[in-house]
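The values are calculated or read from the model by the stated rules, or taken from the named source; none is laboratory data. As the structure is a computational prediction, the values presented were derived from the model and not from experiment. Cβ placement follows ideal geometry from the backbone for every residue including glycine, while neighbour counts extend to all protein chains displayed.
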Amino acid sequence: MEKIASFTINHLTLMPGIYVSRRDVTPSGDELTTFDVRMTAPNREAAISPEALHTIEHLAATYLRNHPEWASRVVYWGPMGCCTGSYLIMQGRLESADIVELMRETFRFIADYEGDVPGATARDCGNYTFMDLPAAKAAARKYLDTTLERITPDRLKYPL
């Protein structure tokens, strides 16, 4: 079986950043861009707890799907199984640099969030108690302060 493209990225050198993971064309001709929103250095930094990543998922998805400029282009936001970041799928042929400010806004929203996590009820979520808002806020603040607020071009393209 052929190795999928995302498994060909050297995770020993990958750093936190925003990377175009893949591009796909739907049967109707729409182009989709999948972004690797990498919050930690894989295999070198601690992964984000699954509870924090689940909380980030709820907050980011809510924020992005209500964004006045980008909402109509957001297809999906969801956590990586390795707990080192999330995937964002957007309509259109986009580059990482195109969404830096959107990611800054999203992670500021998460880092500063107060109140009940959207969708964190038994009626709305299949595992609603599997949340950790303080850890989600801390992970978002760290990513914002150490990566997004000072992102460099090498953090916008996968390393060779």
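Structural remarks
- Helices (runs of 4 or more DSSP H) wholly inside the stretch 48-160 that include at least 1 residues being of a type in the set (Lys, Arg) and within 23 Å of residue 11 (Cα to Cα): 133-146
- Of the residues making up the stretch 139-160, those that are β-branched (Val, Ile, Thr) and under 11 Å from residue 104 (Cβ atoms) are 147, 151.
- Residue check for residue 24: among the acidic types (Asp, Glu), closer than 25 Å to residue 154 by Cα, surrounded by fewer than 12 Cβ atoms within 10 Å (Cβ to Cβ) and modelled with pLDDT of 95 or more: yes
- Residue within the stretch 95-115 that is of a type in the set (Lys, Arg), surrounded by 14 or more Cβ atoms within 10 Å (Cβ to Cβ) and modelled with pLDDT of 95 or more present: yes
- Count of residues meeting criterion [touching an Asp or Glu at 6+ places or on another chain (Cβ under 8 Å) and within 18 Å of residue 83 (Cα to Cα)] in the stretch 98-135: 4
- Members of the stretch 22-34 found to be farther than 28 Å from residue 47 by Cα, out of contact with any Leu (no Cβ under 8 Å at 6 or more places or on another chain) and either of a type in the set (S, T, N, Q) or not in a loop (DSSP other than H, G, I, E, B) (or both), listed by number: 28, 31
- Among the residues examined, residue 55 qualifies as within 16 Å of residue 141 (Cβ to Cβ) and either surrounded by 17 or more Cβ atoms within 10 Å (Cβ to Cβ) or in contact with a strand residue (DSSP E or B) (Cβ under 9 Å, 6 or more places away or on another chain) (or both).
- Yes/no for residue 53 being touching a Lys or Arg at 6+ places or on another chain (Cβ under 8 Å), closer than 16 Å to residue 82 by Cβ and touching a residue at least 12 places away in the same chain (Cβ under 8 Å): no
- Note on the stretch 1-21: residues that are in a loop (DSSP other than H, G, I, E, B) and within 13 Å of residue 159 (Cβ to Cβ) amount to 8.
- Residues satisfying the stated conditions in the stretch 70-108, i.e. under 25 Å from residue 27 (Cβ atoms) and polar (S, T, N, Q): 72, 91
- Within the stretch 1-32, being in contact (Cβ under 8 Å) with a residue 40 or more places away in the chain, in contact with a helix residue (DSSP H, G or I) (Cβ under 9 Å, 6 or more places away or on another chain) and of a type outside the set (A, V, I, L, M) holds for 16, 17, 19, 21.
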